[in-house]
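Structure provided below as structure tokens; questions to follow.
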Amino acid sequence: MEKIKLGISTCLLGENVRYDGGHKLDRFITDTLGQYVEYVPVCPEVECGLPIPRESMHLKGDPDSPRLVTTRTKQDMTDRMAQWARKHVTELEKEDLCGFIFKSNSPSSGMERIKVYNEKGMPVKKGVGIFAKIFMDHFPLLPVEEEGRLHDPNLRENFIERIFTLKRWREVLERKESRGYVVDFHTRHKLLILSHSPKHYQTMGKLVAKAKELPIKELYQQYQTILMEALQLKSTPKKNGNVLQHMMGYFKEQLSSDEKQELLEVIDHYRQEYVPLIVPITLINHYVRKYDQPYLKEQVYLNPHPLELQLRNHV
Ligand code: SF4
């Protein structure tokens, strides 16, 4: 797979673009995830024409529609930033991004819970950075995260699963349009989708079943929208447990009663959060290889991202 393109707040790559001339290098982003990702850096404050260093800024006023104001001289930068951002998101369309990693707590780049100050100078953590808001409104289904939240193993796993899936889907889009490619993609992703949302799994199954009745463009459009909505919902031990048990059904004939018992115990230990997901997955992968199970060996769920990222390793 070629590298996944992600937008990123420039300062997270170690570039000295912050208001104080510093950076916020994040080693997981550059060294670990960076092996699989090509970053498209965006520093809204510098790219809208502000110097380095510059006066710091914060959000002020109505949390739903705040102003971006310099903290000392009270200059209002909202219109300048918003005008640049609206133009820039249109330019970013050609980059074919699979997601964006935002810098947390920034009045320009922060994705959520940004401080917005009222007239008395009291903050409420309810704002969204001006650029981040315009970006997310323009690309509503793109996976987005903040660098701080990526240190949470569950959020990290979900984000990485989404960007890898979107990249695989984009590869389908690059090929000649064919209902068969959509059906094939869906078949390989069935269990991954089920682990996020049984409801979306059902809807997508029905959509793919009537693929021949739909105009092909509509099929692609609807499938992509539901896929991205499904993956926004987080997988849980309960949902994963059901998928694991479903997979176990494929070995009814081959496993001895001792092996079945052992697998059931491992799945149960995972459900109770005594062992990480990688434990039952490894055991099932072993049986998939041993018995050469044709349907399961094609399932992305068993290998959704590179092992080196060490996901599914936490309880
Ligand atoms: S948080 Fe955003 S605006 Fe601030 S320095 Fe980083 S990239 Fe630039």
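The values are calculated or read from the model by the stated rules, or taken from the named source; none is laboratory data. Bear in mind the structure is a predicted one, so any value in this text is a computation, not a measurement. Heads up, the Cβs are rebuilt from the backbone with ideal geometry, glycines too, and the neighbour counts pull from every protein chain shown. Remember, those area values only see protein heavy atoms, side chains included, never the ligands or the DNA or RNA. Shrake-Rupley method; radii C 1.70, N 1.55, O 1.52, S 1.80 Å.
For segment 185-207, how many residues meet the condition of being open to solvent by less than 60 Å² (accessible area, probe 1.4 Å) and either at pLDDT below 95 or over 22 Å from the mean Cα position of the chain (by Cα) (or both)?
2
Read through the list (1) within 14 Å of the ligand (Cβ to nearest atom); (2) open to solvent by less than 40 Å² (accessible area, probe 1.4 Å), then give the number of the only condition that Gly99 fails.
Tallying (1) within 14 Å of the ligand (Cβ to nearest atom); (2) open to solvent by less than 40 Å² (accessible area, probe 1.4 Å), Gly99 fails exactly one: (1).
Which number in (1) surrounded by 15 or more Cβ atoms within 10 Å (Cβ to Cβ); (2) of a type in the set (Asp, Glu); (3) in contact with a Leu (Cβ under 9 Å, 6 or more places away or on another chain); (4) under 24 Å from Glu93 (Cα atoms) marks the one condition that Glu38 misses?
For Glu38, the failing item is (1).
Right, next: Looking at Val279, Val266, which one is touching a Pro at 6+ places or on another chain (Cβ under 7 Å) and under 20 Å from Thr236 (Cβ atoms)?
After applying the criteria, what remains is Val266.
I'd like the residue in segment 41-63 that is without any contact (Cβ under 8 Å) to a residue 60 or more places away in the chain and charged (D, E, K, R) and, out of all such residues, is farthest from the ligand (Cβ to nearest atom).
Among those residues, the one meeting the criterion is Asp62.
I need every pair where a residue in segment 116-144 that is closer than 19 Å to Ser104 by Cβ has its Cβ under 8 Å from the Cβ of a residue that is among the acidic types (Asp, Glu) and assigned to a loop (DSSP other than H, G, I, E, B), sequence separation at least 6 or different chains.
Listed pairs, sorted by first residue: Val116/Asp62; Val128/Glu112.
Next up: Hand me the list of helices (runs of 4 or more DSSP H) wholly inside segment 208-313 holding 1 or more residues that are touching a Ser or Thr at 6+ places or on another chain (Cβ under 8 Å) and open to solvent by less than 30 Å² (accessible area, probe 1.4 Å).
216-232, 237-248
What pairs come out if I take residues in segment 1-13 that are at pLDDT 95 or above and pair them with residues that are within 10 Å of the ligand (Cβ to nearest atom) and open to solvent by 50 Å² or more (accessible area, probe 1.4 Å) whose C-beta lies under 7 Å away, six or more apart or interchain?
Short answer, once both residue conditions are applied: Ile8/Pro41; Thr10/Pro41; Cys11/Arg18; Cys11/His23; Cys11/Lys24; Leu12/Lys24; Leu13/Pro41.
Of the conditions (1) open to solvent by less than 60 Å² (accessible area, probe 1.4 Å); (2) within 16 Å of the ligand (Cβ to nearest atom); (3) out of contact with any Leu (no Cβ under 6 Å at 6 or more places or on another chain), Lys115 fails just one. Which one is it?
Tallying (1) open to solvent by less than 60 Å² (accessible area, probe 1.4 Å); (2) within 16 Å of the ligand (Cβ to nearest atom); (3) out of contact with any Leu (no Cβ under 6 Å at 6 or more places or on another chain), Lys115 fails exactly one: (1).
Which one is farthest from Leu214 (Cα to Cα), of the residues in segment 154-184 that are crowded, with 20+ Cβ neighbours inside 10 Å and among the acidic types (Asp, Glu)?
Glu157
What are the residues in segment 138-165 that are assigned to a helix (DSSP H, G or I), out of contact with any helix residue (DSSP H, G or I) (no Cβ under 7 Å at 6 or more places or on another chain) and of a type in the set (A, V, I, L, M), if any?
The answer is Ile163, and nothing else.
Within segment 12-38, count every residue that is within 12 Å of the ligand (Cβ to nearest atom) and touching a strand residue (DSSP E or B) at 6+ places or on another chain (Cβ under 9 Å). Please lay out each step first, then the result.
Taking segment 12-38 first, the residues within 12 Å of the ligand (Cβ to nearest atom) are 12-26.
Then keep just the ones that are touching a strand residue (DSSP E or B) at 6+ places or on another chain (Cβ under 9 Å); that gives 12-13, 15, 17, 19, 24, 26.
Result for segment 12-38: 7.
Continuing with this model, one more query. Hey, does segment 84-103 have a residue that's in a helix (DSSP H, G or I), modelled with pLDDT of 95 or more, in contact with a Leu (Cβ under 9 Å, 6 or more places away or on another chain) and within 27 Å of Arg54 (Cβ to Cβ)? Please lay out each step first, then the result.
In the first step, residues of segment 84-103 are kept if they are in a helix (DSSP H, G or I); the result is 84-95.
Filter once more, so that each one left must be modelled with pLDDT of 95 or more: 84-95.
Narrowing the set further to residues that are in contact with a Leu (Cβ under 9 Å, 6 or more places away or on another chain) leaves none.
No, the conditions are met nowhere in segment 84-103.
Sticking with this structure for a sec: Can you name the residue in segment 57-74 that is over 30 Å from the mean Cα position of the chain (by Cα) and surrounded by 12 or more Cβ atoms within 10 Å (Cβ to Cβ) and, of all such residues, is farthest from Ile130 (Cα to Cα)?
Thr71
Given the conditions (1) in a loop (DSSP other than H, G, I, E, B); (2) closer than 24 Å to Gly148 by Cβ, report the number of the one that Lys120 does not fulfil.
(2)
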